[in-house]
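Read-outs: derived from the displayed coordinates by stated rules, not from any lab. Quick caveat, the model's predicted, so the values are computed rather than measured. In this analysis, Cβ positions are derived from the backbone assuming ideal geometry, glycine residues included, and neighbour counts consider all displayed protein chains.
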Amino acid sequence: MSAVAYTLAVFVLLSAVATALFRDVLSVIVVFGAYSLGMAILYAFLLAPDVAMTEAAIGAGVTTVLLLLTIARTARPTTEDRFESIHVPSLVVVGAFVLVLVTAVLPEMYAVGSQEAPIWANAEVTQAYLESAYDDTGVENAVTAVLAAYRGFDTFGEAVVVFAAGIATLLVLKREVFV
């Protein structure tokens, strides 16, 4: 992975920790929105645009708007404490888990576009999809054929989730009275 990917991963990790530690609900919502946006950018960087768009729309967009609308309609508690107290044994366990992930998993990830990536190791499978995509689906673009035909149910499920979230947001916003 490149320095940009590591930087995005650190940003996502830090924003997740900040989300867990803040006590002020508004701060948590804003940091959670930043976390979701960081995840969307990381997915886009890792060449998963469908997942990135879904994360940006649902995580950074719809969820943040719904949480902000919820906090606008409820009372915020007045407190001087900005952070939760840290439970040290939990911090040690989570820290050890993150350390194992960082040292064991991240170095094993292939760089984006690397010739050593497993997709290139099975060139005959990739070539078979490229050669048979049009005959199987009638779609000229191989990526569209995979998303629309071979992964049709999965893509349909993602589209239904995004559509339902959009409709729910419109219904909530229609009921909201802006002064």
Interchain or long-range residues, amide H under 5 Å from Phe22's placed H: Glu84
15 Å beta-carbon shell around Leu42, net charge (K/R +1, D/E -1): -2
Cα shape, the chain, gyration tensor, a/c 1.5 rule: oblate
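For Leu147, what charge total do you get from the other residues with a beta carbon under 15 Å from its beta carbon, if Lys and Arg give +1 and Asp and Glu give -1?
On the way: positive: Arg151; negative: Asp50, Asp136, Glu140, Asp154, Glu158.
Result for the neighbourhood of Leu147: -4.
Sort the following peptides by mean Cβ neighbour count (other Cβ atoms within 10 Å, averaged over residues), highest first: 41-51, 97-107.
Details: 41-51: 15.5, 97-107: 10.5.
My ranking of the peptides, most packed first, is 41-51, 97-107.
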Rg followed by Dmax, in Å, when segment 1-72 is reduced to its Cα trace: 12.6, 41
Additional length obtainable on full extension of the chain from Val139 to Leu101, 0.36 nm per residue less Cα span: 9.7 nm
Longest site-free stretch - the chain; sites: GluC sites (Glu not before Pro), DSSP loop, at most 14 other Cβ within 10 Å: 1-79
Pairwise FRET efficiency - Val92 versus Arg23, Cβ, R0 = 25 Å, nearest 0.05: 0.70
Surface/4 of the Cα convex hull for segment 95-163, nm²: 7.3
Length released on extending from Thr155 to Thr74, taking residue separation times 0.36 nm less the Cα-Cα span: 25.5 nm
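For Leu130 and Ala5, what does the FRET efficiency come to when R0 = 25 Å and r is the distance between their Cβ atoms, rounded to the nearest 0.05? Provide the component values of the computation, followed by the final result.
Working: r = 27 Å, r/R0 = 1.09.
For Leu130 and Ala5, the calculated efficiency is 0.35.
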Formal net charge of residues neighbouring Val161 (Cβ-Cβ distance under 15 Å; K, R +1; D, E -1): -3
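Of the listed peptides 143-156, 57-70, what is their order by residue-averaged count of other C-beta atoms within 10 Å, with the highest listed first? Let's see the in-between values first.
Numbers: 143-156: 13.6, 57-70: 17.0.
With the highest mean Cβ count within 10 Å placed first, the list reads 57-70, 143-156.
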